[in-house]
Amino acid sequence: MNPTIKIPVNPAVKKYLEIKLGKNYTLGTDDWFGIIVYNFLINKTNKHFKIIPKKYDKEIQFFEIILSSNQAEKAGIILTEKQEASINNICYKIFKEELYSAAVVNKNLYSLDYMVTMNNLLDLYDITEEDLSYDALIKGFYRDRKAISENMYL
């Protein structure tokens, strides 16, 4: 049986990753997520390694990653809490950028309302208000949409 790593992520990030990568994700270095995780992995023999009991609130879910024995041997199978949090933050940022960019593109090219695109993508990923605050997401979008449009050269 191949070793697995369970990365704590918020519910919206878990749903996003399951749709983008699949529920039985096998670590590889040929996609953006695999490259991120692979570069964070460390071996037990790392000088700074110590076991810290982890406490998670109810908002945390786990995204499971399967490693080959060869990968586990080369890169290790340990992630510190800081690394786990970094992976969650990176994935959340990528998710938001994808959502916001799609809304801007669809508005500029097809005159679709921003909210139609965002709601469709949230439905695609099965992300509900319980997983992610829609108000915070929408406020962030309206705050950042001008910069997104300018960066996209539309």
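The values are calculated or read from the model by the stated rules, or taken from the named source; none is laboratory data. Remember, predicted model here, so these are calculated numbers, not experimental data. Cβ: placed from backbone, ideal geometry, glycine included. Neighbour counts: every protein chain shown. Only protein heavy atoms, including side chains, enter the accessible area calculation; ligands, DNA and RNA are left aside. Shrake-Rupley method; radii C 1.70, N 1.55, O 1.52, S 1.80 Å.
For (1) in a strand (DSSP E or B); (2) out of contact with any Pro (no Cβ under 9 Å at 6 or more places or on another chain); (3) over 20 Å from Leu27 (Cβ atoms); (4) at pLDDT below 85, each residue gets a yes or a no:
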residue	(1), (2), (3), (4)
Tyr38	no, yes, no, no
Lys44	no, yes, no, yes
Lys47	no, yes, yes, yes
Lys50	no, yes, yes, yes
Pro53	no, yes, yes, yes
Asp57	no, yes, yes, yes
Phe63	yes, no, no, no
Ala72	no, no, no, yes
- So how many residues does the stretch 76-134 have that are part of a loop (DSSP other than H, G, I, E, B) and surrounded by fewer than 14 Cβ atoms within 10 Å (Cβ to Cβ)? 7
- Task: Return a yes/no flag: does the stretch 1-16 have any residue that is open to solvent by less than 90 Å² (accessible area, probe 1.4 Å), over 16 Å from Gly76 (Cβ atoms) and either small (Gly, Ala, Ser) or at pLDDT below 90 (or both).
- Result: yes
- List the number of the failed condition for Ser149; all other conditions in (1) crowded, with 16+ Cβ neighbours inside 10 Å; (2) within 21 Å of the chain's Cα centre (by Cα) hold. (2)
- All conditions in (1) touching a helix residue (DSSP H, G or I) at 6+ places or on another chain (Cβ under 8 Å); (2) outside any helix (DSSP H, G or I) are true of Gly140 except (2)
- Item | Checking Ala102 against (1) within 25 Å of Glu59 (Cβ to Cβ); (2) without any contact (Cβ under 8 Å) to a residue 24 or more places away in the chain, the condition it does not meet | (1)
